[in-house]
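Colleague: This is the structure I have questions about; it appears just below.
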Amino acid sequence: MAKRRQKGRSGWLEHSARVVTVWTGSSLAFGCAVGVLIIWALLGPIFHFSDTWQLVINTGTTIVTFLMVFLIQRSQNKDSLAIHLKLNEIVAVLRAALMGFGEATECAALRDSLCLHGFAPVSVADYDVMANWDQEARAAGFALPT
């Protein structure tokens, strides 16, 4: 029961983070941020450019920056995993193609120059995570690259 409840919380946080990440990357979010700054600047003379007036924008930007660091890291982790998985797919296909050359002597130099080493292994669970992210991205309106 505790595991199920924890998964529900995690799912809610994941969903919320995804929605906020998509929204903060939009033109509307940028426009809202610019609007807040303009309103804050226009209120300066009314509050006589007081310390409290400055503290409001400092506190607001600090909180937003703190939260955005985590959203950016989440996005970079997803991108990094996606690139890693795609590279592993390329390496697997390339290795299969190279094995298809067999022992042909005219292809030996090509096969040896194309051998790739040093890639970290990826588990099946990583592919499942990537598939879930792909479904989320499509549900959020992102299309496959053409």
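Colleague: Please compute the net charge surrounding Ile72, taking Lys and Arg as +1 and Asp and Glu as -1 over other residues with Cβ under 15 Å from its Cβ.
Modeller: Here the charged neighbours net out to +2.
Colleague: Go through the range 132-138 residue by residue and turn each phi into a ³J(HN,Hα) via Karplus (6.51, -1.76, 1.60, θ = phi - 60°); whole Hz please, and just put x for glycine and proline.
Modeller: Computed from phi, the couplings for the range 132-138 are 5, 5, 4, 5, 5, 5, 5 Hz.
We did not get these values from a lab; they are worked out from the coordinates using the rules stated. Nothing here was measured: the structure is a model prediction, and the numbers come from that model. Positions of Cβ are backbone-derived with ideal geometry, glycine not excepted, and every protein chain shown enters the neighbour counts.
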